[in-house]
Amino acid sequence: MRFIGGAYEKLQRHPKRIVFPEGTEPRVLQAARQFYSLRLGVPILLGERQAVKKAAEGLNVILEGIRIIHPPESPDLDSFVRRFMLLRRGKGIAEEEAREAMSKPNYFGAMMVAMRQADGLVSGTNEISGSVLRPLFQIIKVAPKTTTASSCMVMEVEDTRFGEKGVLFMGDCGVIPDPTVEQLADIGLNIARLARQIVGVPPRVAFLSYSTKGSATHPSVLKVRAATALAQQKAKDSGFEADIDGEMQVDAALMPDIAVRKLPESRVAGRANVLVFPDLNAGNIAHKLIQHIARANAYGQILLGLDRPAADVSRGSSAHDILGVAAIVGLQSIEYQQLYPGAGEALPGEV
């Protein structure tokens, strides 16, 4: 609770509107209640009003301060349909098809965020990732000057010697199965920018591999090595302050005594607070191992590189996890243009 408690305090000074498309899900209802009770902002639940109320009554959740919107009955539906048709005009979408899509909570919620009727979106407790990501990529899309959309897990472990006082930023754990060199470099920089915004210190970024500085040779190792060099160059060109190193094994990244033996000159080894995995297999497996074996608090997936803030939470998330993710999405939205210059300036469909 050290990290997430600080996030709550920051968001209380700048409350935000977060839309939750899964309005009848018990964990979402509990998280929304806490979001409002902690004065973090206004939670917006999507779903049929009576169904949401019935679900809340069964949990003794008070709906005071929580907005409820049923997309098919919303007065905004017609304008959202027109906007979605404009966005998808290249696909030749018919009005009936657009209306059917916009009546679905994930599509409606994504359009609310795109049209600035909400500051961020949190979904995924009952949906596979594709059902959450597809509307976001169709409606919100990637931020200007950004080519890679990815994700980040924020992990809080009990042992404060790791990461930034126990907080580790890890990715990509949920979007790109096998990133290219350029995508991997962008993933590292996007996570580093989020870490800088959230914890307020220069990020120490480790590009991970099963090799440390040439101890093995394989195409996957060469990819990580090249991505590290590209990320270093991009950070330098953009004036972004971060320590970036790789390729390195995870023990060299996290353990000071091992770092001294393997990478004694590195400014990152033994002190990394950002871990960049070579592919989705490694990232997803690693974060779930840490979450369940180390009993870490896991907040994510925080989506990175989009034009507006959003998150795709795991179907195994607790109400506490969902609340934490909503707080992080809210924090992102406070200074989102510092993360992605030009983000959120145009409405969807505008050139």
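Here, each number is a calculation from the coordinates, and none is a lab measurement. Since we're looking at a predicted model, the values are computed, not measured. Glycine also receives a Cβ, built like all others from the backbone with ideal geometry; neighbour counts cover every protein chain displayed.
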For the peptides 330-343, 86-99, 211-224, what is the packing order when you average, over each peptide's residues, the other Cβ atoms within 10 Å and list the highest mean first?
330-343, 211-224, 86-99
List the trypsin sites (Lys or Arg not before Pro) within the stretch 277-351 that DSSP assigns to loop and that have no more than 14 neighbouring Cβ atoms inside 10 Å.
ARG295, ARG315
Compute, for the chain, the length of the dipole vector about the Cα centre, with Cβ point charges of +1 (Lys, Arg) and -1 (Asp, Glu) only. Units Debye, rounded to 20.
380 debye
Taking the Cα centre of the stretch 2-142 as the origin, how large is its charge dipole in debye, to the nearest 20, when only Lys and Arg (+1) and Asp and Glu (-1) carry charge on their Cβ atoms?
580 debye
Averaging sequence separations of C-alpha pairs under 8 Å and six or more residues apart, then dividing by the length of the stretch 279-320, give the relative contact order as a whole percent.
24 percent
Provide the three semi-axes, in whole Å and in decreasing order, of the ellipsoid equivalent to the stretch 215-351 as defined by the square roots of 5 times the Cα gyration tensor eigenvalues.
29, 22, 14
Take the residue pairs LYS165/LYS262; LYS141/LYS288; LYS16/LYS234; LYS16/LYS236; LYS145/LYS223; LYS10/LYS288 and return only those whose Cα atoms are more than 30 Å apart.
LYS16/LYS234; LYS16/LYS236
Computed on Cα atoms, Rg of the stretch 2-142 relative to 2.2 N^0.38 Å comes out at 1.08
Where nothing but the Cβ of Lys and Arg (+1) and of Asp and Glu (-1) is charged, how large is the charge dipole of the stretch 150-293 around its Cα centre, in debye to the nearest 20?
240 debye
Sort 151-158, 280-287 by the packing proxy (mean of other Cβ within 10 Å over each peptide's residues), most packed first.
151-158, 280-287
